[in-house]
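Heads up: the structure comes next, in structure tokens.
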Amino acid sequence: MTARSSSTRGGDDDSLTRLFERVTGDDDSRMCRDISDAACREQPGNFFRHLVAALGNKLADELSNARLILPWLMGAIGAPVWMVGLLVPIREAGALLPQLLIAGYIRLRKIRKWVWVAGGVAQAVGAVLLGLLALFGHGSWGGALVLIALTGLSLGRGLSSVATKDVMGKTIAKQRRGTLMGWSASAAGALTLLVGVGLMLMGDRPGTWALAVLLFAAAFGWALNALCAAAIREAPGATEGGANAWDSVKQGISLMRRDRRFLHFNLSRALLLSSALALPYLALLGQQNSGTDLASLGILVLTSGVAGMIGGPIWGRLADRSSRRVMRNAAIGAALCCVAGAACVLLPEAARTSVWPYAVVYGLLMIAHAGIRLGRKTYVVDLSDSDTRALYVAFSNTFTGVLMLIVGLLLGVLAQWLGSAPLLLLLALLALAAAASSHALAEVEA
């Protein structure tokens, strides 16, 4: 391990540097690991540009959530039920599958933040279209257009995902990245909290206008994300090693053969999908038992916001110490939440038909899911170096995207047959397996 020291602070004034040191808990912002001296001098300013960009992205993600907001949108415009089942697979796999192609393209760019900007703009446009469909969409054609708009939005998300991590790896030093992601999750959670309160106050009023406002606000979040990304001060990077998608697939497979830690991480990440797949079924279970009005949606959004506000900074600091342990502990928490969610149907009728028991478990599961997401993001960035980071991230995401489609479809069939509660118990078993696998991962923060 080596540390770099810069003699000047570049364009970042002393007050910004002091704020950076206070937020990150560092005594000296000039000590950097695995980034250049030039990047180290710009790190305090870039940290807060990343922070605001991530805040816009996370808030937009919450306001266009395929696990909560978009199912309510489909119901409001009268789309067929089978289309609702496609929302999460399209949202996740659409963002993950194209990333190997994106990684090869990014590698050819000396300045990579513009790829991130393009992804933010694409997501903002997709959210505007979804907002318009909330106002004017209807029936099958409205539902089909929602799926098309969501596909475009998800492709933009994939574009931003690889570029964001690559730019972060170039501009933010190790042991500060988890803190950055944790604070952004906390701030986004606080804003989501306000959205949930607003929805609760609306009660049983017509929901299409409220949903449109949420989606237009999501578009603003992604526009803010793109603007902050454009403002990041990024030094030119190496362009060697760019490859087409097929070459990237071969390189990714070769990486997993050579790097056993990378192979083990991807196997653990596959099992960790259990938390993401459990969330919509828990929300569906609550919806089936308590109703579909905006107040119930608001309560679920509220608990999601509280979860993000509580979990983000805690998981972020812990991930900088050991992202492996964060994944393990969060997976154990997810397993317990899945069991608790399934047990809600055994409550007395007065409690079973209230949204609150499901909302509490949903919030706890969101905290566990946030830990899983933050832990595995920090792990893959710290596992790789500046030459391999984009490929590591892209191959891992593409691999996960394929599994998301396959497992999501299988779970959909099982849910139709078993019901949501038994399916949550199955996902609890997968989460326990994920915890065991994550526990055996190698440490990468040392």
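Rule-based calculations on the coordinates, nothing more; no lab input. Computed from a predicted model, the values in this text were never measured in an experiment. Cβ: placed from backbone, ideal geometry, glycine included. Neighbour counts: every protein chain shown.
Values computed for the structure shown
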| quantity | calculated |
| --- | --- |
| Using a Förster distance of 60 Å, the FRET efficiency for residue 347-residue 148 (Cβ separation, nearest 0.05) | 0.90 |
| Computed lengthening from residue 118 to residue 388, 0.36 nm per intervening residue step minus Cα-Cα distance | 95.0 nm |
